[in-house]
Amino acid sequence: MHNTEKNNTQSYLDRLKKQAISQENYGAEIKYDEANIQVYDCPECGAARALGDGLTVCAYCGYQFMTVKLSDGIHIKKGNNS
Amino acid sequence: MFGFFKNKYDNPALLEEIRQTEEKWFVFLDKLETRLDELCSAAVPELIALFNEDSDPYKRAHSRMLTGLMGQISQMQQKAIEAKEEHIIPFMHASSAVLPDLISSAGRKYHDRLYRFQMACFDRHHQFEDKVNEGIAALRSTEGNADLEAVYQRQLTEFERIKDKFSCKQCGGKLILQKMFFIATYIQCPFCQTQNTYTPSTEMQMLFHQARSLAEQRTKHLLLIYEQSRPKNPALYQQYLRSMFDEWNKITPDMLEENERFYQRLLKDHSINHY
């Protein structure tokens, strides 16, 4: 009797483990990306963004890269507004 | 006139019923405890194995299995509560209702017996709840043994490898990362002034969220010293907290200001007595 209960517990745990492993992760699997560098040129005139001219508006054609007003963050500062 | 000649209240059937109900309750909880012990002792090695096997950084398979087991334990707890509410408490009230008055000598013996029954049943239930909590603590202790220091050192090596490997996407000029970034950051090209956007690898980004846990792992010996102090010494807690935040700031120096505010808040919260 005691052995039967132990077997039941073990088989329950085995089933639970299998189910836990096979179930799809909520939010999907993690996609591992390498570190990379990109540049976001102006889609209107193709000019690059330079820090001196601000980051929110294209210094050449006036295209708005961002509609938000930048505030002080970890790396971006208020002074980076065009 | 004073009731001297009244027959003393005698109800052996009730005494027997109390004994039997108590015995049944004890046997029922013994059985539940045996199942609980069996489940927990068999589950702990399985959970540890799954934690080590689970390649997901958030150990989600392990969490799912743990949640399933907690559900099982919660069902056992619920069964005990239902049995108490359906059999023990109504029995107590029903029995007490048919007894003579408590202040009469006839009723006293039965009321005392019923009170002892109630205390024995409730104490047994508390013991069961203690066992449940021990079981849950044992299951929970299987998580959180990831070696974050090794992960951090691996990322430091990785950063040393990649820090001068990038070039400006506009002019091709060489870019050098001055420090380890954990979030996407603008890097200015020193030649054409273009703002390049550097995105760290996924693992490096995760490190930002693991920094506190890593700092806690590094300073857990100080927390242990505080927890073992009797009475609990707040100065030791402050020493632990300061060291933990210093370690945290070493890992993510950009968060120094925010972390300092958080440190002050935790220190303040700790000094408040919650009643």
Degrees separating the helix A:2-22 axis from the principal Cα axis of chain A, which is the longest one: 20 degrees
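For the protein assembly as shown, divide the Cα radius of gyration by the Kirkwood radius and give the resulting Rg/Rh value with two decimals.
Values: Rg = 32.9 Å, Rh = 27.2 Å.
Answer for the protein assembly as shown: 1.21.
Starting with the fewest neighbours, write out B:K131, B:K250 ranked by other beta-carbon atoms found within 10 Å of each beta-carbon. Write down the numbers at each step before the final one.
Numbers: B:K131 17, B:K250 13.
By the 10 Å Cβ count, ascending: B:K250, B:K131.
Given R₀ = 25 Å, FRET efficiency for B:L266-A:K78 by Cβ-Cβ distance, to 0.05? Please list the in-between numbers first.
Numbers: r = 29 Å, r/R0 = 1.17.
Computed FRET efficiency for B:L266 and A:K78: 0.30.
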Amide H partners (placed H, <5 Å) of A:V39, local residues excluded: B:T197
Helix B:105-140 axis, angle to chain B major axis (alpha carbon atoms, nearest 10°): 20 degrees
Against the rule of thumb 2.2 N^0.38 Å, how large the Cα Rg of chain A comes out: 2.34
Residue exposure sequence - B:C189, A:C42 - by fewest surrounding Cβ within 10 Å: A:C42, B:C189
Computed magnitude of the charge dipole of chain B (debye, nearest 20; Cβ of K, R +1, Cβ of D, E -1): 600 debye
Residue-wise HN-Hα coupling along the stretch B:214-229, computed from phi with Karplus coefficients 6.51, -1.76, 1.60 (Hz; x: Gly, Pro): 5, 4, 5, 5, 5, 10, 5, 5, 6, 5, 4, 4, 5, 5, 7, 6
Percent RCO, i.e. relative contact order, over chain B, from Cα pairs under 8 Å lying at least 6 residues apart: 13 percent
In range of the label at A:D53: residues from the stretch B:174-194 whose backbone nitrogen is under 20 Å from the point 7 Å along Cα→Cβ: B:186-194
Acute angle (nearest 10 degrees) that the helix B:60-83 long axis makes with the longest principal axis of chain B, alpha-carbon atoms: 10 degrees
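How many Cβ atoms of partner chains, on average, are near each residue of A:38-51 if near means within 10 Å of its Cβ? It would help to have the intermediate numbers written out before the result.
Working: counts 6, 10, 6, 3, 0, 0, 0, 0, 0, 2, 10, 8, 7, 6.
That works out to 4 on average.
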Å³ per residue enclosed by the Cα convex hull of the stretch A:38-82: 73 Å³
Inverse mean reciprocal Cα-Cα distance (Kirkwood Rh) of chain B, Å: 25.2 Å
Chain B: Cys lacking any partner C-beta under 4.7 angstrom: B:C40, B:C121
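Using +1 on the beta carbon of Lys and Arg, -1 on that of Asp and Glu, and nothing else charged, what's the dipole of the protein assembly as shown about the Cα centre, debye to 20? Each step should come with its number before you reach the end.
Working: 44 positive and 48 negative charges, 125 e Å.
Dipole magnitude for the protein assembly as shown comes out near 600 debye.
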Dipole of the protein assembly as shown, positive direction: furthest Cα of A:I37, A:Y26, B:P190, with charges on the beta-carbon: B:P190
Inter-part distance where the stretch B:161-181 and the stretch A:1-39 are each reduced to a Cα centre, Å: 39 Å
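If you place +1 on the Cβ of every Lys and Arg and -1 on the Cβ of every Asp and Glu, how big does the dipole about the Cα centre of the stretch B:219-271 come out, in debye to the nearest 20?
Details: 8 positive and 8 negative charges, 69 e Å.
Here the size comes out at about 320 debye.
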Range of Cα positions in the stretch B:40-128 per principal axis (Å), largest first: 71, 18, 17
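Values in this text are rule-based calculations from the coordinates and carry no lab data. This is a predicted model, so every value here is computed, not measured. Don't worry about glycine lacking a Cβ; one is built from the backbone with ideal geometry, like all the others, and counts go over all protein chains shown.
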